[in-house]
Amino acid sequence: MSATASEPSSSSVRTSPPASEVPSGAWRALILVTLGFGLNFWAWSLLSPLGPVYVERGLTADAALIVAIPVLVGAVGRIPIGALTDRYGGRLMFPLVSLITVIPVLFIGLVGQYNYATLLVGGFFLGIAGTAFAIGVPMVNSWFPPTKRGMATGLYGVGMGGTAISAFTTVPLVSSLGDRAPFLLTAAVLLAYAVVTWLLLADPPGWQPSRRNIVTQSLATMKLKVTWQACYLYALSFGGYVAFSVFLPTMLQVWYGLEAADASFRMAGFVIVAVVMRPLGGTLSDRIGAASTLLISYSAVAIAAAVLAFQPALMPVGTIVYIVMAAGLGFGSGAVFALIAQTSDPSIVGSVTGFVGAAGGLGGFVPPLVMSAVFGYSGSYSLGVLLLLLATLGAIVVTLFVARGSRDPAAAR
């Protein structure tokens with residue numbers, strides 16, 4: 001399918017390593033970009049655990065917008081950042097985005113968190129941290145041979161565990177060391193990472209920057225069928241993960257009467273399960289194909305959503321269902337980028353990743369707002385979960401078309 005899904009740019013060529021050989025430096029690059037992904041996601045998620053705190057302080061009656069704005073900006077910003085990575089390379093873009101992220105982190109920590117308007121402004125620019133995701137995928141894809149790209153991009157996806165770092169540490173740091181502590185710590189770590197990455201990270205061997213106009217390349221990427229297929233699939237997989245990681249504490253408190261700390265720790269457990277399953281999804285995609293792996297993932301999510309809609313008791317059924325949901329979403333997130341690696345020319349992976357990453361971020365932005373609206377209308381989250389079930393069934397249909405296209409060159413074209 002890759003021969004027909006995209007046309008490589010004549011001015012942008014990445015020389016892939018031999019079929020099974022991992023070049024020297026690839027594992028170091030994978031570790032560095034995964035670490036950067038995690039640290040930027042840690043910064044990106046700082047406001048989510050503090051939403052209830054800001055409500056208690058009277059800054060706002062509903063923290064949904066405070067939490068949602070960084071998600072939205074981080075999602076949409078992946079489109080230009082992915083294209084810029086094709087142009088300038090990850091060796092420049094990762095330290096640059098990390099350094100820029102330090103500014104809104106310090107602004108919120110020192111000034112912005114004491115007023116609703118400045119929180120929104122700070123949260124808007126904090127969204128830049130969420131764009132880091134679109135930098136690492138094309139780098140990893142170019143560093144590793146085709147037979148190992150699913151595994152490598154899946155391991156890179158472990159960086160989304162940065163949200164768990166935020167969930168575990170932000171509120172305890174505020175309680176023990178003061179309001180500014182989590183922001184100062186995050187800024188210091190990002191600064192150190194930017195310096196280390198600038199010194200140690202290298203672009204893949206044979207990589208050449210794309211010389212195509214960024215707008216032209218983005219428009220060409222939008223014409224690819226695989227772009228929109230992967231956008232929908234990732235909007236469900238990663239978007240569902242983001243939505244649950246953001247909204248799950250509220251849902252657990254309302255449905256099951258949990259304390260805020262208990263709900264946050266359970267949310268962190270959800271994140272860990274999803275993070276662990278992501279590289280497994282990528283690895284299995286290398287062996288049985290991304291489409292087959294996605295079918296397994298979405299079947300698990302659909303079953304979990306069908307049970308969750310009936311609001312089962314938290315112990316043991318509810319807990320098991322949330323774990324299955326996390327596993328399915330993490331599994332699918334890893335498989336989607338294996339799908340991109342299997343169907344896209346390496347020279348445009350950054351641009352495709354930008355669009356797909358944006359779809360994933362938007363997939364995380366919309367559901368919390370929908371769930372709040374559904375609860376306000378019906379007094380229950382069950383209808384929102386049923387909407388997730390319908391979206392998952394749609395993803396199964398899309399995946400079946402992807403599988404058929406991969407076997408039929410005419411359909412792929």
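The values are calculated or read from the model by the stated rules, or taken from the named source; none is laboratory data. Keep in mind it's a predicted model, so treat the numbers as computed, not measured. Ligands, DNA and RNA are excluded from the accessible area calculation, which covers all protein heavy atoms including side chains. Shrake-Rupley method; radii C 1.70, N 1.55, O 1.52, S 1.80 Å.
With a ≥ b ≥ c the root eigenvalues of the C-alpha gyration tensor of the chain, is it rounded (a/c under 1.5), prolate (a/b larger than b/c) or oblate? Oblate, because a/c is 1.5 or more while a/b does not exceed b/c. Here region 27-64 and region 296-335 have alpha carbon centers that stand 24 Å from each other.
Taking only C-alpha pairs under 8 Å that are 6+ residues apart, what is the relative contact order of the chain in percent?
Numbers: 800 pairs, mean separation 116.7, N = 413.
Rounded, it is 28 percent for the chain.
What percent does the relative contact order of region 285-348 come to when contacts are Cα pairs within less than 8 Å and at least six residues apart?
Relative contact order of region 285-348: 48 percent.
Given a 1.4 Å probe and heavy atoms of the protein chains only, how would you sort 91, 180, 211, 78, largest accessible area at the top?
Working: 91 70, 180 115, 211 165, 78 0 Å².
From most exposed to least exposed: 211, 180, 91, 78.
Under the rule a/c < 1.5 gives rounded, and otherwise a/b versus b/c splits prolate from oblate, where does region 160-245 land using the Cα gyration tensor? Spell out each step's value before the answer.
Numbers: a/c = 3.22, a/b = 1.51, b/c = 2.14.
Oblate, since a/c reaches 1.5 and b/c is not below a/b.
Evaluate 2.2 N^0.38 Å with N set to the residue count of region 278-413, then give the Cα radius of gyration divided by it. Spell out each step's value before the answer.
On the way: Rg = 16.4 Å, N = 136, 2.2 N^0.38 = 14.2 Å.
That ratio works out to 1.15.
Remark: relative contact order (region 97-205) = 39 percent; criterion is Cα-Cα distance under 8 angstrom and separation of 6 or more residues.
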